[in-house]
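One structure is given below, encoded as structure tokens.
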Amino acid sequence: MAKLMKGLDTKLIHAGEPEQRIGGAVTLPIFQSSTYEYSGQTSYHDLRYIRLNNTPNHLALHTKLAMLENADAALVAGSGMAAISAALLTVVGGGGHLLAQDCLYGGTHDLLTQEFPSIGIEVDFIDADDPPSWREMIRSHTKAIYVEAISNPLVQVGDLRAACEFASEHGLLSLIDNTFASPVNFRPSEIGFDLSLHSATKYLNGHTDIVAGAVIGRGELIGEITRKLNHFGGALDPHACFLLQRGLKTLGVRVRHQNESALRIARFLEQHPRVTRVNYPGLESHPNHLRACELFDGFGGVLSFELQGEARAADRFIANVTIPICAPSLGGVETLITRPATTSHLGMTAEDRARAGIRDGLVRLSVGLETSDDLIEDFEIALRATYD
Ligand SMILES: *Cc1c(COP(=O)(O)O)cnc(C)c1O
């Protein structure tokens, strides 16, 4: 009988795993083989070869990831940027035009602004919170709309339903970077997105020890993106596949803990007299709170805030905390803290940051799996020391 797999946590553990256990092994072994015996394939892309992302380690992940987001199919890639670039090059191609949310993840923003013009892809940026303004930006060669589930570092939630409706009304494809929400909190295909993208380096793997990416979505599109990625060569190594699969099994327990801990920390910071602003979609004070409640099952593990005394106070606070590690990236078991103006958003000019609302004193926190009370106490002591 087929295994019962309705809940996300059951899928995380069992989806895509081999039906016949290999040598009885409970865990899928690493297939550290670059090539496989020829068995009559008639298409290049069906040959079993490591760069074609089709070893048993890849195939297990593809099934698991597709099932997690209730989508048709999935593909893993050598990094989040490999997944994003392969997906965008497939759907907008040379000569196409893309509408993309402003304030994107830095790497994606740089891909769109520094690489796409030279290969003939045009991009216009849209305010994801203002759907009526999108229509006038459509051109005859517009192919797709690209948004992020939760933006970085202000954790804004755009009008995601409107993005899907806009795409289907105008014959465009809809793409969303779902890295910050993770499939635990949001499954884009359920509201009609064609493609969901992930930096699996973050929550999906969750242990800050690999680089990987994923594209999840409609079957025929995943097929086209697979062929593109095969040509560009951004395959994921089987050993990284193994680690990603191991990390994924605990995604549910990790993200639920992070949702809960981040909300508690956000509430603690919001009531602290030295904290002037807290951005977290789970707070009633967040401008997109109601939308986030309607779309998401949880609000994620990332929040940002500002302190009295701005950048200088922020740097002192970061130096004073003992648990969080000052490092870019997010989504792992360790709590990480950064000042985006000096790390993730260093590539933007000061004016562009100001326009995007990213003040120099803004602090971003990626909440890990430490005991929430310890983190809150650490922050309380560090805040006191900052103003002594
Ligand atoms: C990290 C990140 C990426 C890029 O992923 P890599 O795995 O570093 O290539 C893309 N989008 C978001 C939202 C990210 O946080």
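General remarks:
- Residue selection: residue 230 satisfies the criterion of being outside any loop (DSSP other than H, G, I, E, B) and at pLDDT 95 or above.
- Screening the candidates 313, 240, 235, 266 for the property of being small (Gly, Ala, Ser), outside the structural domain of residue 359 (by TED's automatic domain parsing) and closer than 23 Å to residue 328 by Cα yields one hit, 240.
- Neighbours by Cβ (under 6 Å, 6+ apart or cross-chain): first from the stretch 183-197, without any contact (Cβ under 8 Å) to a residue 40 or more places away in the chain; second within 15 Å of the ligand (Cβ to nearest atom): 193/176
- Per-region count, the stretch 330-355, residues outside any loop (DSSP other than H, G, I, E, B) and away from the ligand (no atom under 16 Å from the Cβ): 8
- Test: residue in the stretch 221-235 that is within 16 Å of the ligand (Cβ to nearest atom) and closer than 20 Å to residue 297 by Cα: no
- Yes/no for residue 237 being under 23 Å from residue 106 (Cα atoms), surrounded by fewer than 23 Cβ atoms within 10 Å (Cβ to Cβ), of a type in the set (Asp, Glu) and modelled with pLDDT of 95 or more: no
- Qualifying residue in the stretch 131-149 (condition: within 15 Å of the ligand (Cβ to nearest atom), in the same structural domain as residue 233 (by TED's automatic domain parsing) and not in a strand (DSSP E or B)): yes
- Scanning the stretch 316-325 turns up no residue that is closer than 21 Å to residue 368 by Cβ, hydroxyl-bearing (Ser, Thr, Tyr) and within 16 Å of the ligand (Cβ to nearest atom).
- Meets criteria (away from the ligand (no atom under 16 Å from the Cβ) and surrounded by 23 or more Cβ atoms within 10 Å (Cβ to Cβ)) for residue 174: yes
- Within the stretch 206-220, considering residues that are assigned to a loop (DSSP other than H, G, I, E, B) and in contact (Cβ under 8 Å) with a residue 60 or more places away in the chain, the one farthest from residue 297 (Cα to Cα): 211
- Close pairs (6 angstrom Cβ cut-off, 6 or more residues apart or separate chains): among the aromatic types (Phe, Trp, Tyr) in the stretch 239-254, assigned to a helix (DSSP H, G or I) anywhere: 242/57
- For the stretch 297-336, a residue qualifies if it is of a type in the set (Phe, Trp, Tyr) and under 30 Å from residue 244 (Cβ atoms), and exactly one does: 299.
- Matching residues, the stretch 258-314, being without any contact (Cβ under 8 Å) to a residue 60 or more places away in the chain and assigned to a helix (DSSP H, G or I): 263, 266, 267, 270, 289, 290, 293, 294, 310, 311, 312, 314
- For the condition more than 13 Å from the ligand (Cβ to nearest atom), more than 23 Å from residue 61 (Cα to Cα) and β-branched (Val, Ile, Thr), residue 157 qualifies.
The values are calculated or read from the model by the stated rules, or taken from the named source; none is laboratory data. The structure presented is a predicted model; accordingly, all values stated were derived computationally and were not measured. Cβ atoms come from the backbone with ideal geometry, glycine included; neighbour counts cover every protein chain shown.
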